[in-house]
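The values are calculated or read from the model by the stated rules, or taken from the named source; none is laboratory data. Predicted model, so just to flag it, every value in this text is computed and none were measured. Cβ placement follows ideal geometry from the backbone for every residue including glycine, while neighbour counts extend to all protein chains displayed. With ligands, DNA and RNA removed, areas are computed over all heavy atoms of the protein, side chains included. Shrake-Rupley method; radii C 1.70, N 1.55, O 1.52, S 1.80 Å.
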Amino acid sequence: MQQPRPGILHVVATPIGNLGDLSPRALETLRTVDAICAEDTRHTRQLLSHYGVERPLVALHEHNEDALAERIVARLQGGESLALVSDAGTPLVSDPGFRLVRATRAAGLRVSPVPGACAFVAALSVAGLPSDRLAFEGFLPAKSGARRERLAPLASETRTLVFYESAHRIEEALADMAAVFGGARRAVVARELTKLFETVLDGPLSALHGRVSTEADQRKGEFVVIVEGAGDDVDARISEGQRLYAKLSEYLKPSQAAKLAAELSGAPRKALYGGE
């Protein structure tokens, strides 16, 4: 008996807000696959209903992806083609899916991208910050201490930094970024991209934090935060000195911490501590 021709796993980008952004190719793919793997089947069912698409849905999320990957690979080997979508945007970008893709490729099966919307790419395209080199950091930790610890090594990073953030943490996250990177560091806060209340704010981190903290509407929705990388060597040394000073000042007097941080980083001592 002839073996069935293996199916294809299509990784399909969906809109991040405006439903008009679903590509004709993506729509055709979703209409013709045997089933669709979705992070939240309720959300995806609403999207499919808008386009009049009726396909079986398979819930695939971070808690069941490892266990489910083997079964999906078996379906592909049996000749079925499936699509993988996330709640919004491009799958695998701060969303589940890489384990399934890895298992599919390891089985020698084809994985085909159907590109489309991606929130951080959309934000970067309108930010007006350097986009030739960047570091995508996804979501930061929820607690301030852990968040600052994650941010600290990035203070001297010269690439543009890109983060995702939620509505209930955006104010605190901007405060921590200003503290770690310096309030003068340029940044962009993109909110609700492609949606009715889309806003893109730019300016120094301290000013952006002030705007978000005083305007309730700027704390609603989904956020992409883009921070300009450390500039020349002087900026990089100051950023590194600030990181070291913040850590050393937990154990030493401010003047001692500033002196040691300046020696280790090469940053001017006065840029780290204003005392004598």
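Things worth noting here:
- Residue ID - surrounded by the most Cβ atoms within 10 Å (Cβ to Cβ), chosen from residues in the range 197-244 that are under 19 Å from Ser125 (Cβ atoms) and charged (D, E, K, R): Glu228
- Residue pairs whose Cβ atoms lie under 6 Å apart, separated by 6 or more positions or on different chains, with the first residue in the range 31-60 and over 16 Å from Asp95 (Cα atoms) and the second open to solvent by less than 70 Å² (accessible area, probe 1.4 Å) and of a type in the set (Ser, Thr, Tyr), are Val33/Ser81; Asp34/Ser81; Leu57/Thr41.
- Considering only residues in the range 157-196 that are among the hydroxyl-bearing types (Ser, Thr, Tyr), surrounded by fewer than 21 Cβ atoms within 10 Å (Cβ to Cβ) and touching a residue at least 60 places away in the same chain (Cβ under 8 Å), the one that is nearest to Phe223 (Cα to Cα) turns out to be Tyr164.
- Only listed residue being under 23 Å from Leu161 (Cβ atoms), open to solvent by less than 80 Å² (accessible area, probe 1.4 Å) and among the small types (Gly, Ala, Ser), chosen from Ser131, Ser112: Ser131
- Among the candidates Glu80, Glu70, residue that is farther than 24 Å from Ala119 by Cβ, touching a residue at least 60 places away in the same chain (Cβ under 8 Å) and acidic (Asp, Glu): Glu80
- Meets criteria (surrounded by 13 or more Cβ atoms within 10 Å (Cβ to Cβ), under 30 Å from Lys195 (Cβ atoms) and hydroxyl-bearing (Ser, Thr, Tyr)) for Thr104: no
- Test: residue in the range 14-33 that is under 27 Å from the mean Cα position of the chain (by Cα), open to solvent by 30 Å² or more (accessible area, probe 1.4 Å) and within 15 Å of Ala103 (Cα to Cα): no
- Contact map, the range 111-128: first residue among the polar types (S, T, N, Q) and modelled with pLDDT under 95, second residue part of a helix (DSSP H, G or I) and open to solvent by less than 20 Å² (accessible area, probe 1.4 Å), Cβ cut-off under 8 Å, separation 6 or more or different chains; the map is empty.
- Residues of the range 129-145 that are within 22 Å of Leu244 (Cα to Cα) and within 17 Å of the chain's Cα centre (by Cα): Ala135, Glu137, Leu140, Pro141.
- Cβ-Cβ contacts under 6 Å between residues 6 or more apart (or on different chains), taken from a first residue in the range 245-257 that is without any contact (Cβ under 8 Å) to a residue 24 or more places away in the chain to a second residue that is aromatic (Phe, Trp, Tyr) and surrounded by 13 or more Cβ atoms within 10 Å (Cβ to Cβ), are listed as Pro254/Tyr273; Ala257/Tyr245.
- Residue check, Arg147 loosely packed, with under 14 Cβ neighbours inside 10 Å and either free of Cβ contacts under 8 Å to residues at least 40 places away in the same chain or under 25 Å from Asp235 (Cα atoms) (or both): no
- Output for the range 14-29, where each listed residue is within 24 Å of Arg71 (Cβ to Cβ) and either touching a helix residue (DSSP H, G or I) at 6+ places or on another chain (Cβ under 7 Å) or free of Cβ contacts under 8 Å to residues at least 40 places away in the same chain (or both): Thr14
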